[in-house]
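The values are calculated or read from the model by the stated rules, or taken from the named source; none is laboratory data. On a predicted model such as this, the values are computed, not experimentally measured, just so you know. Cβ: placed from backbone, ideal geometry, glycine included. Neighbour counts: every protein chain shown.
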């Protein structure tokens, strides 16, 4: 009987999306096929410390205490061990002082949303250490996290997006100048006037998103967003707003596949973080040990909304698949769209490479339904394939680049 692969799922992190990440990480661990895989939780606390232990798998244990009991602090071994398997280095106190042990694993599943996890930084670290991982590679993760860059790539592929004004955080001791802002708005949007939408350029989960009805509101929204990101974008507000989301992945034989479409329901004008994650509703995901909400899976939604015309369906499915291919993405990616319900106009909004709950609920409702257990297995096996194919021979002699004599 083949030995089970140890799958490390890393979640939490130094990110404003820390708590959402915990939900997604626990869900993925619960969705692992027990006949093929053994789960290893890795929790990154807000200080950046790494921990492991079975206590991490219970949602009721969060938030984790500053000095957690029953958990082991670990670090990632960046060298390739003699065994060839990646490993964590664990620290514990013994009679003879600090004791170091190792915890081997086979692949990491990044479940950290937003900064320091979804933006290519973690993926780059894993590639540097030659550690197999699931999901998007460094290029796709970094490219999609920056909303301006992703929109420009989409536009280059003929995908319709809203115009945007990109602003950088003012230097210390300086302030936003209303007159300068007014000129920038005019230059960017022409006759389009308030309201505008303000959002951080490099965050997800609708964190920091605000609506500005006038200049005072714009400055207030910008200052809030600048607390979370050094770059902020301003976009026209879409009247009669309806949002549609769809997930995309690639099959083992290389086909780009799209899921069911969802229309999130909200009780406010904007689908912000509160509406996404704290609205309650009927939990639709893998049950954890406690709690009224299971992340994006609990969001009230309409799946495969009947009001979409054939042309709108084609735009959403086609545009999502196109941006997935343009940015060379992988894993289970969610692509979000904005729609003016009265005119029917659609725009690509953003791409989420590590979406809440890994968007498994959209695959369960797809034309060819896929369970979370099957989705998690396919993501893991894709991760092994992509990681093994990344590097060629790194010997200096192979590239004719040897300078120092080796024995």
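A few notes on this one:
- Selection from segment 39-53 of residues that are in a loop (DSSP other than H, G, I, E, B) and under 10 Å from residue 13 (Cα atoms): 45, 46, 47, 48, 49
Results for (1) modelled with pLDDT of 90 or more; (2) under 13 Å from residue 260 (Cα atoms), shown as yes or no for each residue.
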| residue | (1), (2) |
| --- | --- |
| 363 | yes, yes |
| 378 | yes, no |
| 383 | yes, no |
| 386 | yes, no |
| 390 | no, no |
| 395 | no, no |
| 402 | no, no |
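- Qualifying residues in segment 113-125 (those that are in contact (Cβ under 8 Å) with a residue 40 or more places away in the chain and part of a helix (DSSP H, G or I)) - the one surrounded by the fewest Cβ atoms within 10 Å (Cβ to Cβ): 125
- Filtered residues of segment 371-391 (kept if farther than 15 Å from residue 132 by Cα and over 18 Å from the mean Cα position of the chain (by Cα)): 371, 373, 374
- Restricted to segment 138-230, the set of helices (runs of 4 or more DSSP H) holding at least 3 residues that are crowded, with 18+ Cβ neighbours inside 10 Å and in contact (Cβ under 8 Å) with a residue 60 or more places away in the chain comprises 138-145, 147-156.
A quick yes/no check of all residues on (1) without any contact (Cβ under 8 Å) to a residue 60 or more places away in the chain; (2) in contact with a strand residue (DSSP E or B) (Cβ under 8 Å, 6 or more places away or on another chain); (3) outside the structural domain of residue 117 (by TED's automatic domain parsing):
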site	(1), (2), (3)
32	no, yes, no
58	no, no, no
63	yes, no, no
91	yes, yes, no
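- Yes/no for residue 207 being assigned by TED's automatic domain parsing to the domain that holds residue 353 and closer than 30 Å to residue 371 by Cα: no
- Criterion violated by residue 34 - all others in (1) surrounded by 22 or more Cβ atoms within 10 Å (Cβ to Cβ); (2) part of a loop (DSSP other than H, G, I, E, B); (3) at pLDDT 95 or above satisfied: (1)
- Only one of 405, 398, 343 that is more than 28 Å from residue 131 (Cβ to Cβ), surrounded by fewer than 12 Cβ atoms within 10 Å (Cβ to Cβ) and either free of Cβ contacts under 8 Å to residues at least 40 places away in the same chain or under 20 Å from the mean Cα position of the chain (by Cα) (or both): 405
- Checklist (1) in contact (Cβ under 8 Å) with a residue 24 or more places away in the chain; (2) loosely packed, with under 15 Cβ neighbours inside 10 Å applied to residue 106, failing item: (2)
- Residue, farthest from residue 119 (Cα to Cα), within segment 1-18, restricted to residues that are buried (at least 18 other Cβ atoms within 10 Å of the Cβ) and out of contact with any helix residue (DSSP H, G or I) (no Cβ under 8 Å at 6 or more places or on another chain): 8
- In the set (1) in a strand (DSSP E or B); (2) within 25 Å of residue 226 (Cα to Cα), residue 15 fails one condition alone, (1).
- Within segment 67-76, the residues that satisfy the criterion of being without any contact (Cβ under 8 Å) to a residue 40 or more places away in the chain and either surrounded by 13 or more Cβ atoms within 10 Å (Cβ to Cβ) or closer than 23 Å to residue 122 by Cα (or both) are 68, 71, 72, 73, 74, 75.
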